[in-house]
Amino acid sequence: MTAEVRSVIEVSNACRARCRFCNINALSPRKRYTLGREELAGIAARLYKERGRRVFLLQSGENPAEKFITMLCGAVADMKAALPGISVIACLGSLPKAQYARLKKAGVDRYILKFETSDPRLYAAVKPGDTLARRVRCLETLRGLGFGVGTGNIVGLPGQEPAGLLRDLLFFRRFSPEMASASVFIPGEDSSFSGRGPGNLDTALNFMALLRVFYPRALIPSTSSLEKARPGAQLQGLLAGANAVTVHDGTPEALKPVFPIYSVSRFTPEERFIKRIAAAAGLRPAAGPLA
Ligand code: SF4
């Protein structure tokens, strides 16, 4: 059995959204940064040559500024031209169809857009100014444009009903996702949920195991938030059926502290840790993309 190994490059922490569970939402006073085209493509080239990485996850806050999308498209086109055999995954939030189409044309292969919760009222409560219906339209647009699609929920969001998790499990089916994720809620220290209790880790692990049963061919990540919730839990995520892991070796060290998306003390695993837990789970790092 193999696991897909990705390098994440956190391209920018600029975000227009106001997700209540997030430390870097639009209301955060944090200093904002955005990598440039050459810097971004250069990081990917270094990881390709020095680490043999073939899958890159480009993550940022939600930013529909044309200048930002143009920079990303240029960097992705540069990466695709210079680095044979790579797969580029984008995780950039809800954007207009025309911008998704530009990203696809530039060479983005897959797009992750989590639905967070399948409960429309809870969605509106935790993402003020947004709706679940809009998120679903974005996912359908991504599918229609030919992206490999990834989506997921958060287990333990404040206000989540136990039956809501069952609905979440079935909700994935609407999109036949190539990538499916479940993360555990971590109360962001600077978010409006600061001081709330975390999600139940064992429930999250059980949910991941159910994802594996319901969606046997999906790429399921074991995320660093699991390890933050309890040391050893990222390995447990792999044992629960996950087959994708992300190495935090793409974001410049100086910028990692200003991308504290779920926690200011988030866990950012390096390659040695990822290799160790993959081996402990009996998984071999795949030489290339698995989707
Ligand atoms: S979770 Fe993503 S979209 Fe929501 S506020 Fe944070 S960075 Fe922005």
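Read-outs throughout are calculated quantities, based only on the coordinates presented, and are distinct from any laboratory measurement. In this text the structure is predicted, and so the values were computed from the model without any measurement. Here Cβ is always computed from backbone atoms with ideal geometry, including for glycine, and neighbour counts include all displayed protein chains.
A few remarks follow.
- From Leu205, Leu157, Leu238, residue being in contact (Cβ under 8 Å) with a residue 60 or more places away in the chain and over 30 Å from Pro29 (Cβ atoms): Leu238
- Residue check for Cys91: out of contact with any helix residue (DSSP H, G or I) (no Cβ under 9 Å at 6 or more places or on another chain) and within 26 Å of Ala124 (Cα to Cα): yes
- Evaluation of Met1 against the conditions (1) surrounded by 22 or more Cβ atoms within 10 Å (Cβ to Cβ); (2) within 30 Å of Ala240 (Cα to Cα); (3) more than 11 Å from the ligand (Cβ to nearest atom) shows that the sole unmet condition is (1).
- Filtering region 48-73 to residues that are farther than 15 Å from Ser12 by Cα and not aromatic (Phe, Trp, Tyr) leaves Lys49, Glu50, Arg51, Gly52, Arg53, Arg54, Val55.
- Checked against (1) within 15 Å of the ligand (Cβ to nearest atom); (2) not in a helix (DSSP H, G or I), Arg134 passes all but condition (2).
- Residue in region 82-97 that is more than 16 Å from the ligand (Cβ to nearest atom), part of a helix (DSSP H, G or I) and free of Cβ contacts under 8 Å to residues at least 12 places away in the same chain present: no
- Qualifying residue in region 22-29 (condition: away from the ligand (no atom under 16 Å from the Cβ) and either surrounded by fewer than 22 Cβ atoms within 10 Å (Cβ to Cβ) or not in a helix (DSSP H, G or I) (or both)): no
- In the condition set (1) within 16 Å of the ligand (Cβ to nearest atom); (2) in contact with a strand residue (DSSP E or B) (Cβ under 8 Å, 6 or more places away or on another chain); (3) part of a helix (DSSP H, G or I); (4) closer than 19 Å to Arg32 by Cβ, Tyr100 is compliant with all but (4).
- Test: residue in region 111-119 that is within 16 Å of the ligand (Cβ to nearest atom) and among the acidic types (Asp, Glu): yes
- The residue that is farthest from Ser7 (Cα to Cα), counting only those in region 47-66 that are away from the ligand (no atom under 14 Å from the Cβ) and among the acidic types (Asp, Glu), is Glu66.
- Count of region 200-241 residues which are within 24 Å of Arg173 (Cα to Cα) and charged (D, E, K, R): 3
- Taken over region 4-17, the criterion of being assigned to a loop (DSSP other than H, G, I, E, B) and buried (at least 17 other Cβ atoms within 10 Å of the Cβ) is satisfied by Asn13, Ala14, Cys15, Ala17.
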